[in-house]
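The values are calculated or read from the model by the stated rules, or taken from the named source; none is laboratory data. Given the structure is predicted, the values throughout are model-derived calculations rather than measurements. Heads up, the Cβs are rebuilt from the backbone with ideal geometry, glycines too, and the neighbour counts pull from every protein chain shown.
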Amino acid sequence: MAAMEKGAEMAVWNYSMKPEGLNDVTIKITKCGVCATDIHMINNAWGFSVFPLIPGHEIVGEVVSVGSNVTGFEKGELVGLGCLAQSCEQCPKCTTEQRDNLCPQLKFTYFHTVTDETGEFQHRGGFASYIRTPASKVLKIPAGLDPAEAAPLLCAGVTTFTPLNEFSGNTANLKGKKVGIIGPGGLGDLAVQFAAKMGAETVVIARNAAKKDFAFQLGATGFLVSESKEEMEAAARSFDFIISCISGGELDVHPYINLLAPYGTLHFVGIPDKPLTLDLMSMMFTRRSISASPVGSTQQCKDMLAFAAKNGVKPIIERFPHSKAEEALEKVRSGKIRFRAVLENDLL
């Protein structure tokens, strides 16, 4: 399924995959998550979409074939492909640091072209029946994870797991720490689960109490209404780490900065539409920090999948037939999805 031009609805489109390279894996796609990024790309919101556009970077399927240099993957094995498609595999970020998501030559799934001995080709996304991609970014899906629930973990899961795990010193242990999650939803529901399973005192921060019961069901140990002056004042200087999962709109960060303990961090995985305005005095004399991160690396995604499988972390999803991709996209656009949409391939 593809958008044939900017803003177009999804339509069936037949195309030929690139020739199989020595280091490629060919995957029969069975599930694919729907992300807000897909909508931005369909609308060419960032100015670099290439049409026809096949969206989708939360891909799960079965190995069909592998290039002659590929080891470690077998035909029929359940695998996934997230946001990363190709990197240089030579720089320190790709090798010793295992942070290929920060490679200067990084190519994203369906954002960019990939290059190998067969030539240069536009990399396609997961709203398709098959995909051929470099093996270095293909992930094994652990036993115990439902394939449809595994799909959103490849973007939303690793995006929220990674900063929490890094804050723990990559130990996945946050016992004794107080963590706030701003914005329960497609990212926030996973952030709550990861923080709680890491042992943190986990507090959901929302504008009102409508999702309070739901937050506790996810594993939260507290709930804070940000529009309540009394609650916010009572919680001042008490959080070690706050992760903001809100995208779009305008965000006044100062109420959240005031929640941070000395040396506390406010971390963003969602991006407000308008630039942040900061009063550095509110941070300087308490050594507070603000940080942000993109999707995690291939190794971080492997670590996240292992943690999720072991600890029962899973997204809340709505399933759609692949042929109803436009219906799924519209539900994401309208904000009515609860909380991640997943396409199940009925076009094979």
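Which is assigned by TED's automatic domain parsing to the domain that holds HIS322, in contact with a Ser or Thr (Cβ under 6 Å, 6 or more places away or on another chain) and surrounded by fewer than 23 Cβ atoms within 10 Å (Cβ to Cβ), of CYS94, CYS88?
After applying the criteria, what remains is CYS94.
Among the listed residues ASP273, ASP252, which satisfies the condition of being modelled with pLDDT under 95, farther than 14 Å from ILE182 by Cα and in the same structural domain as THR162 (by TED's automatic domain parsing)?
Details: ASP252 fails: farther than 14 Å from ILE182 by Cα.
Just a single option satisfies the conditions, and that option is ASP273.
For the range 228-237, check the following and say yes or no: at least one residue is outside the structural domain of GLY80 (by TED's automatic domain parsing), closer than 30 Å to GLN299 by Cα, touching a residue at least 12 places away in the same chain (Cβ under 8 Å) and not β-branched (Val, Ile, Thr).
no
Which residue out of ALA11, ALA3, ALA36 is in contact (Cβ under 8 Å) with a residue 24 or more places away in the chain, out of contact with any Ser or Thr (no Cβ under 8 Å at 6 or more places or on another chain) and among the aliphatic types (A, V, I, L, M)?
On the way: ALA11 fails: in contact (Cβ under 8 Å) with a residue 24 or more places away in the chain; ALA36 fails: out of contact with any Ser or Thr (no Cβ under 8 Å at 6 or more places or on another chain).
Of the residues listed, the single one that is in contact (Cβ under 8 Å) with a residue 24 or more places away in the chain, out of contact with any Ser or Thr (no Cβ under 8 Å at 6 or more places or on another chain) and among the aliphatic types (A, V, I, L, M) is ALA3.
For GLU74, state whether it is under 22 Å from ILE141 (Cβ atoms), of a type outside the set (S, T, N, Q), surrounded by fewer than 18 Cβ atoms within 10 Å (Cβ to Cβ) and under 23 Å from the mean Cα position of the chain (by Cα).
No: the conditions fail for GLU74.
Within the range 246-332, considering only strands (runs of 3 or more DSSP E) that don't extend past its boundaries, which have at least 2 residues that are of a type outside the set (S, T, N, Q) and closer than 23 Å to LEU145 by Cβ?
Those strands (runs of 3 or more DSSP E) span 317-321.
Of everything in the range 131-161, what is touching a Gly at 6+ places or on another chain (Cβ under 8 Å), surrounded by fewer than 24 Cβ atoms within 10 Å (Cβ to Cβ) and of a type in the set (Gly, Ala, Ser)? Give them in sequence order.
Hit for the range 131-161 is ALA135, nothing else.
Each row is one residue, and each column tells you yes or no for (1) of a type in the set (Gly, Ala, Ser); (2) buried (at least 19 other Cβ atoms within 10 Å of the Cβ); (3) in contact with a His (Cβ under 6 Å, 6 or more places away or on another chain).
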position: ASN173; (1), (2), (3): no, no, no
position: VAL179; (1), (2), (3): no, yes, no
position: GLY183; (1), (2), (3): yes, yes, no
position: VAL192; (1), (2), (3): no, yes, no
position: MET198; (1), (2), (3): no, yes, no
position: ASN208; (1), (2), (3): no, no, no
position: LEU218; (1), (2), (3): no, yes, no
position: VAL225; (1), (2), (3): no, no, no
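May I ask you to verify whether LYS302 is of a type in the set (Lys, Arg), touching a Leu at 6+ places or on another chain (Cβ under 7 Å) and surrounded by 15 or more Cβ atoms within 10 Å (Cβ to Cβ)?
Yes, satisfied.
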